[in-house]
Amino acid sequence: MSNFEFTLLLIAAVLVKGVCVSARAAVLVNGSPTFDFRCEKGLRQGDPLSPFLFLIVMEALSWLLKKAQQIGIFKGVCITSNEAELSHLFFADDTLIMGEWTRDNIQSIARVLRIFYLCSGLRINLHKSNIFGVGVEDREVDNMMELLGCKRGGFPFNYLGIQVGAKMSQVSN
């Protein structure tokens, strides 16, 4: 995504926010409308617009993560021998960010999430988030956990209904 596309994405988000906060409604009582009132709480769970808005917002976060990789402040995980890097996965309302295990890399993630919050107004709830260190001492995971303000996750765990980190011979169908 180019800077121009990112700018268009932010403009679209501002326009959608304007539509949401400028909405007015009235209630029918015995067939007669009451006075108009402003809808101040935004979208509700189950609103048909919610998934679309989430995709727009996650596209902006994806762009920020890719930009951090391009300028060299964040390093994802190499998954193949040809240096293909994986840094994040999004599914529904879940986000999985993965990267090289260094203090600088994790601080960069914290900065990207802060920038995302400042741009979108959406704060990641780190108290509900987990950090996993693969092949890393528990002490080191605890240090990074305190840096981010999240919980330490353990293996195996379930992600989207699939057990991750278990021996596949022990996983039953």
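The values are calculated or read from the model by the stated rules, or taken from the named source; none is laboratory data. Please read these numbers as outputs of a predicted model, since none were measured by experiment. In this analysis, Cβ positions are derived from the backbone assuming ideal geometry, glycine residues included, and neighbour counts consider all displayed protein chains. SASA here: full protein model, heavy atoms, side chains in, ligands and nucleic acids out. Shrake-Rupley method; radii C 1.70, N 1.55, O 1.52, S 1.80 Å.
Observations on the model:
- Within region 74-97, considering residues that are in contact with a strand residue (DSSP E or B) (Cβ under 8 Å, 6 or more places away or on another chain) and among the acidic types (Asp, Glu), the one modelled with the lowest pLDDT: Asp94
A quick yes/no check of all residues on (1) without any contact (Cβ under 8 Å) to a residue 24 or more places away in the chain; (2) in contact with a helix residue (DSSP H, G or I) (Cβ under 6 Å, 6 or more places away or on another chain); (3) charged (D, E, K, R):
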residue	(1), (2), (3)
Asn82	yes, no, no
Ser87	yes, yes, no
Phe116	no, yes, no
Arg123	yes, yes, yes
Ser129	yes, no, no
Asp138	yes, no, yes
Tyr159	no, no, no
Ala166	yes, no, no
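- Test result for Phe52, among the aromatic types (Phe, Trp, Tyr), modelled with pLDDT of 80 or more and surrounded by 10 or more Cβ atoms within 10 Å (Cβ to Cβ): no
- Taking each residue of region 97-109 that is part of a helix (DSSP H, G or I) and looking for partners that are among the basic types (Lys, Arg) and open to solvent by 50 Å² or more (accessible area, probe 1.4 Å) with beta-carbon atoms closer than 6 Å, six or more apart or interchain, yields Asn105/Lys75.
- Conditions (1) surrounded by 11 or more Cβ atoms within 10 Å (Cβ to Cβ); (2) in a helix (DSSP H, G or I); (3) within 19 Å of the chain's Cα centre (by Cα); (4) modelled with pLDDT under 80: number failed by Ala60: (4)
- Count of region 129-155 residues, restricted to those that are open to solvent by 70 Å² or more (accessible area, probe 1.4 Å), in a helix (DSSP H, G or I) and touching a strand residue (DSSP E or B) at 6+ places or on another chain (Cβ under 8 Å), is 1.
- Exclusive hit being of a type in the set (Val, Ile, Thr) and closer than 30 Å to Ala12 by Cβ, set Ile106, Ile79, Ile73: Ile73
- Residues that are of a type in the set (Gly, Ala, Ser) and part of a helix (DSSP H, G or I), drawn from region 67-83: Ala68
- When Asn158 is tested against (1) part of a strand (DSSP E or B); (2) open to solvent by less than 100 Å² (accessible area, probe 1.4 Å); (3) over 20 Å from Phe54 (Cα atoms), only condition (2) is not met.
- The lone exception for Glu85 - which of (1) within 22 Å of Asn3 (Cβ to Cβ); (2) open to solvent by 80 Å² or more (accessible area, probe 1.4 Å) it fails: (2)
- Residues in region 110-128 that are outside any loop (DSSP other than H, G, I, E, B) and closer than 19 Å to Phe74 by Cβ: Ala110, Arg111, Val112, Leu113, Arg114, Ile115, Phe116, Tyr117, Leu118, Cys119, Ser120, Leu126.
- Residue in region 27-49 that is at pLDDT 75 or above, among the hydroxyl-bearing types (Ser, Thr, Tyr) and under 30 Å from Asn130 (Cα atoms) present: no
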